[in-house]
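Data block below; observations after.
The values are calculated or read from the model by the stated rules, or taken from the named source; none is laboratory data. Note that the coordinates shown come from a computational prediction; the quantities given were computed from them, not determined experimentally. In this analysis, Cβ positions are derived from the backbone assuming ideal geometry, glycine residues included, and neighbour counts consider all displayed protein chains.
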């Protein structure tokens, strides 16, 4: 299914706020220009333009304000309009063993509208999406008058903080059978464990979605700056990505078996957000994820308010992987999100076995480091950085950087809206340190040292 109300307006998307309303008449709004730095080759730009121009909008009378709107079902559970309900969805339908139930929270608005599915934790060790979804379901967003208050919402929003719950519990990217869930969609009820899970998710969550937002982080050993992966030649996904409201859009066809590929194949708009790294919570990446989700919901008139947009967008069709030429210890001078000039040192490799010898890794040209290694151990050929060459538009990036050269992604400098500021009470605590010192238990546990008092310098 596609967003007729968005697609009808795609030709004007870069010139003005989306002015239509899902169920109401258009509103007159002030036009706002946005700069687009196309890094796409001419052939690809033409393919994207043709896809947008050829896409036929469709009338969705069931989303009109006058349309009937009632209760919905998810896995045999009923959700009434204007309510929030969390449904336990088993990843496996079995009579014996663990069915791996996951919580799916459904926010069902009081007015007709589309169904948007927001996912986190498809990879069990990626916590950015899990954190963002958890915050979106907190009282800071769902209470009366808040953005996701179902009493003022249109359509339906389904949020799954952790899809791969078994992997999350074991701090693993993969399912217990060793497979990557995001390489097994749309799944097979008679296939491997992971393919059966994918089939169950596709049946109950994906197939009837009007759009899918999949929140990810980088894999173990690296970190990504906030960015979107999207097939810009799919009209619905193109517009969905722009509605997210961040600067870096990587135009790429999805890998085989990925959720994004299965969705696009079924004409369901889908985008993949990347931000932060595995087994950690990057607060900035979480803020951008929440910022982007709310932008999408506002753009689709699911929730009230105008979406925020970046000052420019960078549409990229390719990048450069910077690889180590030698092995040893990697000393990163910069992190993901750094704006680099040609020749600037990104990292240095040294080897404890050969002190005094180092090798520098430098920026091949002006650009943006969209991903960076975090593992200090490296070998020849291993990736050190994911580099986006933007020589023609480096000025756009430099207009939006910190004093340390970090690119400021739209939404990253917002205050964490899920944190309420309260007065601080000071409390005096009485007691004594176990083992005689602050870190004695830690040291004792890790080193079996019998006299932990000798380790006071540990602090």
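Quick notes on this one:
- Any hit, the stretch 179-197, residues being touching a helix residue (DSSP H, G or I) at 6+ places or on another chain (Cβ under 7 Å), under 30 Å from residue 389 (Cα atoms) and in contact (Cβ under 8 Å) with a residue 40 or more places away in the chain: yes
- Residue within the stretch 213-225 that is part of a helix (DSSP H, G or I) and modelled with pLDDT of 95 or more present: no
- Residue 246, sole failed condition from (1) part of a strand (DSSP E or B); (2) in contact with a helix residue (DSSP H, G or I) (Cβ under 9 Å, 6 or more places away or on another chain); (3) surrounded by 24 or more Cβ atoms within 10 Å (Cβ to Cβ): (1)
- Of all the residues in the stretch 134-168, those that are in a helix (DSSP H, G or I), within 20 Å of residue 305 (Cα to Cα) and in contact (Cβ under 8 Å) with a residue 60 or more places away in the chain number 7.
- Residue list for the stretch 318-334, restricted to those being surrounded by fewer than 16 Cβ atoms within 10 Å (Cβ to Cβ) and closer than 28 Å to residue 392 by Cβ: 318, 320, 321, 323, 325, 333
- Restricted to the stretch 1-105, the set of strands (runs of 3 or more DSSP E) holding at least 2 residues that are surrounded by 15 or more Cβ atoms within 10 Å (Cβ to Cβ) and modelled with pLDDT under 90 comprises 35-39.
- Of all residues in the stretch 335-366, exactly one satisfies the criterion of being surrounded by 14 or more Cβ atoms within 10 Å (Cβ to Cβ) and out of contact with any strand residue (DSSP E or B) (no Cβ under 8 Å at 6 or more places or on another chain), namely 341.
- Residue 220, sole failed condition from (1) crowded, with 23+ Cβ neighbours inside 10 Å; (2) touching a strand residue (DSSP E or B) at 6+ places or on another chain (Cβ under 9 Å): (1)
- Residue check for residue 117: within 19 Å of the chain's Cα centre (by Cα), at pLDDT 95 or above, in the same structural domain as residue 274 (by TED's automatic domain parsing) and buried (at least 23 other Cβ atoms within 10 Å of the Cβ): yes
- Residue in the stretch 257-265 that is assigned by TED's automatic domain parsing to the domain that holds residue 112, buried (at least 18 other Cβ atoms within 10 Å of the Cβ) and either within 26 Å of residue 141 (Cα to Cα) or within 12 Å of the chain's Cα centre (by Cα) (or both) present: no
- Some residue of the stretch 406-421 being outside the structural domain of residue 290 (by TED's automatic domain parsing), surrounded by 15 or more Cβ atoms within 10 Å (Cβ to Cβ), touching a strand residue (DSSP E or B) at 6+ places or on another chain (Cβ under 9 Å) and not in a loop (DSSP other than H, G, I, E, B): yes
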